[in-house]
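Asks: Please see the structure below; I have some questions.
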Amino acid sequence: MDALWPEESPKSAENNFKTTLQRLRKSLEPSIRSEFGSAYVHLDDHLVTLDQELCEVDVDHFLTSIKNGEEQEKVGDLKSALSFYTEAMEIHEGDFLPEEVYAPWANMKREELRQRYIDLLNRVCRLHEKQGALKKATEWCRKVIAADPLMEESYQKLMTLYFNRNMINEALRVYEECKKVLRTELKTTPDTVTTSLYEKIVEKIQEKQRS
């Protein structure tokens, strides 16, 4: 109750809790009968739980798939790791409880899961790059930027991937894209690492033109 209704009095929070619990039971079982209780929501010794055999929480499934992928990656089974990571991404359907914009507990969980999703995209990108699948790595790096357009390191990675694929013009366009986003959203310019990478790519172009 403290997490869900921190500004309410204990009595009001308790009333909110009971009402919400009843609505949950009704939404899961519209024809629920009070004498039998809920098959999905259990209340034992003041602890409310979901029946683990009948209920699956997508957030738990998402995190479990990531954990399984990390374990497979540690032992060097990259194929299985990618399979678990793909499973996690198929579960992910956007931000956690986007309608709860004013609930502090939901905001914290939303940001945590959003970061886990971005980390997951980065991890898949690195695995494909490690396997030499630069085209797939490029696609996943694009997804990272779509998820977080202000992560400058992702533009650096994408520029490098395009350069290594000999797609020089695309690498230069990524730099211009980065510069535009930073100027529009943060009123700033690319950092020295990004600029230095851009200059090195331009220098390589000039070397080729002279040779």
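The values are calculated or read from the model by the stated rules, or taken from the named source; none is laboratory data. None of the values given here were measured: they were computed from a predicted structure. Methodologically, a virtual Cβ is constructed for each residue, glycine included, from the backbone with ideal geometry; neighbour enumeration extends over all protein chains shown.
Asks: Are there any helices (runs of 4 or more DSSP H) wholly within region 98-188 with 2 or more residues that are touching a Lys or Arg at 6+ places or on another chain (Cβ under 6 Å) and not small (Gly, Ala, Ser), and if so which?
Replies: Numbers: elements: 104-130, 134-147, 152-164, 168-186.
Because the criterion is at least 2 residues that are touching a Lys or Arg at 6+ places or on another chain (Cβ under 6 Å) and not small (Gly, Ala, Ser), the helices (runs of 4 or more DSSP H) in region 98-188 that meet it are 104-130, 134-147.
Asks: Here is a list: 130, 157. Which entry is touching a residue at least 24 places away in the same chain (Cβ under 8 Å), within 27 Å of residue 69 (Cα to Cα) and surrounded by fewer than 14 Cβ atoms within 10 Å (Cβ to Cβ)?
Replies: Numbers: 157 fails: surrounded by fewer than 14 Cβ atoms within 10 Å (Cβ to Cβ).
Checking each option against the conditions leaves just 130.
Asks: Of the conditions (1) in the same structural domain as residue 109 (by TED's automatic domain parsing); (2) farther than 30 Å from residue 102 by Cα; (3) surrounded by 15 or more Cβ atoms within 10 Å (Cβ to Cβ), residue 62 clears all except one; give me its number.
Replies: (2)
Asks: Can you tell me which residue is farthest from residue 107 (Cα to Cα) among those in region 37-54 that are under 31 Å from the mean Cα position of the chain (by Cα) and surrounded by 15 or more Cβ atoms within 10 Å (Cβ to Cβ)?
Replies: Here the answer is 40.
Asks: Could I ask something else about it? Checking the condition basic (Lys, Arg), part of a helix (DSSP H, G or I) and not assigned by TED's automatic domain parsing to the domain that holds residue 113, which residue from 79, 26 passes?
Replies: On the way: 79 fails: not assigned by TED's automatic domain parsing to the domain that holds residue 113.
Every option except 26 fails the conditions.
Asks: Which one is modelled with the highest pLDDT, of the residues in region 20-36 that are hydroxyl-bearing (Ser, Thr, Tyr) and more than 32 Å from the chain's Cα centre (by Cα)? Explain how you work it out, then say what you get.
Replies: Initially, region 20-36 is screened for residues hydroxyl-bearing (Ser, Thr, Tyr), giving 20, 27, 31, 34.
Imposing the further condition that a residue be more than 32 Å from the chain's Cα centre (by Cα) reduces the set to 31, 34.
Details: 31: 84, 34: 71.
Out of the qualifying residues, it is 31.
Asks: Now a separate question. Find all pairs meeting these conditions: Cβ atoms under 7 angstrom apart; at least six residues apart or on different chains; first residue within region 57-84 and of a type in the set (Phe, Trp, Tyr); second residue surrounded by 13 or more Cβ atoms within 10 Å (Cβ to Cβ) and assigned to a helix (DSSP H, G or I).
Replies: Sorted first by the residue in region 57-84, then by its partner, the pairs are 62/88; 62/91; 84/65; 84/68; 84/69; 84/72.
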